[in-house]
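The values are calculated or read from the model by the stated rules, or taken from the named source; none is laboratory data. All values reported here derive from a predicted model rather than from experimental measurement. Quick reminder, even Gly has a Cβ in these numbers, built from the backbone with ideal geometry, and neighbours come from all protein chains shown. Just the protein is used for accessible areas: all its heavy atoms, side chains included, with ligands, DNA and RNA removed. Shrake-Rupley method; radii C 1.70, N 1.55, O 1.52, S 1.80 Å.
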Amino acid sequence: MKSFQVSVSIISDADIVTARQQARELAKTFGFSSSELAVIAAAISELARNIVSYAKKGTIFVKLIQEQGKKGVLIVAEDQGPGIPDLHLAMQDGYSTMNSLGLGLPGVKRLMDTFEIQSTVGQGTAVTAKKWVM
Amino acid sequence: MKVPILKQGNILIATIQSALTDQDLISLKDNLSHQVIQHRSHGVVIDITELDVMDSFSTRTLRNIASILKLRGADTVIVGMQPDVAFAMVQLGLTLPNVKTARDLEEGLTLLK
C-alpha cells in the first residue's frame, strides 16, 4: 500500500536525520524537484532541531496533500515543550535564546509557501507549513 | 555514521556521508582538531558531495571546524556542495563566510598546495 504520510518521534539528534530522510522519500513520490526536496529536508531539519534543542521531545508529521488542483506537502512540527514567550521576536532573523544563529524559524518561513506557528508558554509549540510542487 | 578521515601527504581528507547526525559532526570537529596536530597536516579537505542537506547546525559546525583548524595551523577547504544544497542553504539565509570552497576534491587539493 502506498503511504501518504509519515510521522517521526523526535527525541534525539539521530531522529532529525530520520525525519528529513523519510520526508524526502515521501515528497519524492509526489513529483517535487531535487531542489525542492533539498528545501523540504532543510526545513524539516530546522524544525526537528528546534524540538531537540528546546522541547526535548516532539513529533514531525509530513503528509502529501492536494488543494485546488495543487499538489504539495504539509509539515507539522509539534511539541509539548516550554513554548515561545515572544513569537514576534522568535520570527526575527538573528534571534535565538540558545545562540544557535537564530535563523531557524524565519529561515523555515522563507523556505515554505505557507507557515503558521502557535505557541503557548508551558504547553508547547506547533508549526504548520506547506510547500507546493512547482 | 562516523566520518572517515584519510591522510594524503600533509593533507587530511574527510568524506561526509549523507546520513550525518549532529553528533557525527561534533566528532568530526574533535577528530580533525586532534589529527591535524598528530599528522602535522597543513590542510584539510572536507568533501560534502554526498551531503543532501545543510541546515543552520551543520553550517555553523563546518564554519567552526574551519576556524578551529586555522588556529591549529591548517587551512580548510569544503568541496563538492551539490547545487540543490547550496540553493536551500541560501534560501535559509545560511552562508560560509571566510571558508574556502572548491567544486571537487581535485580542485580542493590544488587550493591547498
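Against the definition (within 14 Å of chain A (Cβ to nearest Cβ) and either loosely packed, with under 15 Cβ neighbours inside 10 Å or over 12 Å from the mean Cα position of the chain (by Cα) (or both)), how does residue B:38 come out, yes or no?
no
Would you confirm whether or not segment B:62-83 contains a residue that is polar (S, T, N, Q), without any contact (Cβ under 8 Å) to a residue 60 or more places away in the chain and closer than 24 Å to residue A:113 by Cβ?
Yes - at least one qualifying residue is present in segment B:62-83.
Taking segment A:38-52 as the search range and keeping residues that are at the interface with another protein chain (Cβ under 9 Å from one of its Cβ atoms) and open to solvent by 10 Å² or more (accessible area, probe 1.4 Å), which one is farthest from residue B:94 (Cα to Cα)?
Result: A:52.
When residues of segment B:78-113 are filtered for being under 15 Å from the mean Cα position of the chain (by Cα) and at negative phi, how many remain?
Residues that pass the stated criteria total 22.
So, in segment B:60-113, of the ones that are of a type in the set (Asp, Glu) and away from chain A (no Cβ under 14 Å), which residue ends up farthest from residue A:32 (Cα to Cα)?
Selected residue: B:75.
I want to confirm something. Restricting to segment A:102-130 and keeping residues that are assigned to a loop (DSSP other than H, G, I, E, B) and away from chain B (no Cβ under 13 Å), which single residue is least open to solvent (accessible area, probe 1.4 Å)?
Once the filter is applied, the top-ranked residue is A:122.
Yes/no matrix, rows are residues, columns are (1) open to solvent by 20 Å² or more (accessible area, probe 1.4 Å); (2) touching a helix residue (DSSP H, G or I) at 6+ places or on another chain (Cβ under 7 Å); (3) among the charged types (D, E, K, R); (4) under 20 Å from residue B:82 (Cβ atoms):
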residue: A:11; (1), (2), (3), (4): yes, no, no, no
residue: A:25; (1), (2), (3), (4): yes, no, yes, yes
residue: A:34; (1), (2), (3), (4): yes, yes, no, yes
residue: A:71; (1), (2), (3), (4): yes, no, yes, no
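What are the residue pairs meeting all of these: first residue in segment A:7-36, first residue within 14 Å of residue A:75 (Cβ to Cβ), second residue part of a helix (DSSP H, G or I) and of a type in the set (S, T, N, Q), Cβ atoms under 7 Å, and 6 or more apart or on different chains?
Pairs found: A:8/A:18; A:8/A:22; A:16/A:45; A:20/A:45.
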